[in-house]
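Take a look at the structure set out below.
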Amino acid sequence: MLGNYFYHEIIRKTVIAFGTLFNDIHVRHGDGAGNVISEIKVPIAYGPRQKFLARVTQQAELNKATQITLPRMSFEITNISYDPTRKASITQTFKAQDVNNNKMKKVFMPVPYNLGFDLNILVKLQDDGLQILEQILPFFQPAFNISIDLVKSIGEKRDIPMVLQNISQQDDYEGDFATRRALIYTLSFTAKTFMFNHIADTPEGLIKKVQLDYYSDTNTRTASRVQRYTVLPKAKKDYNEDNVIDTQDDILIEPGDDFGFTETSSFFGDAKEFSPTRKVDI
């Protein structure tokens, strides 16, 4: 089990997707007549809010330039936890096609995990914080789905809900009038993502034929077969470019192609049975 190296970058992709949600937030300042006199794009970076607060408080004098300005946003992972409510069978597998070489892959069902995020909004003016909040909250009811390419090698793309769990406010305004003020809004989110195991090659090919035999009784050892129902894929385009869509095109169908079905029924009055190993009736 352990020892096979794999790294799908799922957590990294989820972190990037979460931060991208909030990288185009703006704050406007106006005059008494309602005219816009300035507009700034609120910067966002990954890191704990204590780091940014320390940068703010290091330069306490209001009349000197600082290396960090407000408003600003930061985000970080707070926890990773297993989600038993979305659990699937641990032994269940499905087949997927490798996008690089078209080989079939055997994929175990993904394991559901929740990633906790905190989005911290640091402002010095109350109105700045309210502007930022109103550009975020209407999209979360309480979830907002993001499409993430979790496992690129097999084209496994899923919609990951980002669920808004809680909103809190903190005012770090203490001291005299020369002390810088920092209003902090903290939005807590949960990303409901999935973790994929090692993607292994499978010797089994793509199923292109389904065959079902009906018997006259439930005891197939003594009952005689009555009918055979067979389903084959039917091509919808001329793969070999011979101006005819026939059985030669049917065998060229690849996973992901649009195709139809050819259904046939055969009736029997003998006592033969189909041998899966020899592929004939005996």
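Protection proxy ranking for 105-112, 87-94, using the average of other Cβ atoms within 10 Å per residue and placing the highest first: 105-112, 87-94. Sorted fewest first by neighbouring Cβ atoms within 10 angstrom, His26, His8, His198 come out as His26, His198, His8. Full extension of the chain between Lys152 and Arg228 yields a length gain of 23.3 nm, computed as 0.36 nm times the residue separation minus the alpha carbon distance. Taken along the Cα-to-beta-carbon direction at a fixed 7 Å, the label points for Asn145 and Lys106 span 3.1 nm.
Labels on offer are (1) 1.61; (2) 1.10; (3) 1.18, and the one holding Cα Rg over 2.2 N^0.38 Å computed from this structure is (1). Here the extension length gained between Ala45 and Leu252 equals 69.6 nm, from 0.36 nm per residue of separation less the Cα-Cα distance.
With respect to the chain, whose longest principal axis is taken over its alpha-carbon atoms, helix 126-136 is tilted by about 10°.
Of Tyr239, Tyr82, Tyr185, the residue with the greatest mean-square motion in the GNM of the chain, using alpha carbon springs below 10 Å, is Tyr239. Note on Ile167 and Gln126: the extension gain reaches 13.2 nm, defined as 0.36 nm multiplied by sequence separation minus the Cα-Cα distance.
May I ask for the distance between the Cα centers of segment 95-168 and segment 211-282, given as a whole number of Å? A separation of 43 Å, based on Cα centres. Residues considered: Thr218, Thr85, Thr230. Largest GNM mean-square fluctuation over the chain, using C-alpha springs under 10 Å, is found at Thr218. For the residues Ser266, Ser188, Ser147, a GNM of the chain with alpha-carbon springs under 10 Å puts the largest fluctuation on Ser266.
Overall, the chain carries a charge dipole of about 740 debye about its Cα centre when +1 sits on the Cβ of Lys and Arg and -1 on the Cβ of Asp and Glu, all other atoms neutral. For the chain, adding -39500 (n - 2.57) for each run of n ≥ 4 DSSP H residues and dividing by the number of residues yields -3500 deg cm²/dmol at 222 nm. Its relative contact order, with pairs defined as Cα atoms under 8 Å and 6+ residues apart, puts the chain at 15 percent.
A Cβ-based charge dipole, computed about the Cα centre of segment 69-173 with Lys and Arg at +1 and Asp and Glu at -1, lands at about 960 debye.
Bear in mind that the values in this text are calculations on the coordinates, not laboratory data. In this text, all values refer to a predicted model and were calculated from it rather than measured experimentally. All Cβ positions, glycine included, derive from the backbone under ideal geometry; neighbour counts span all protein chains shown.
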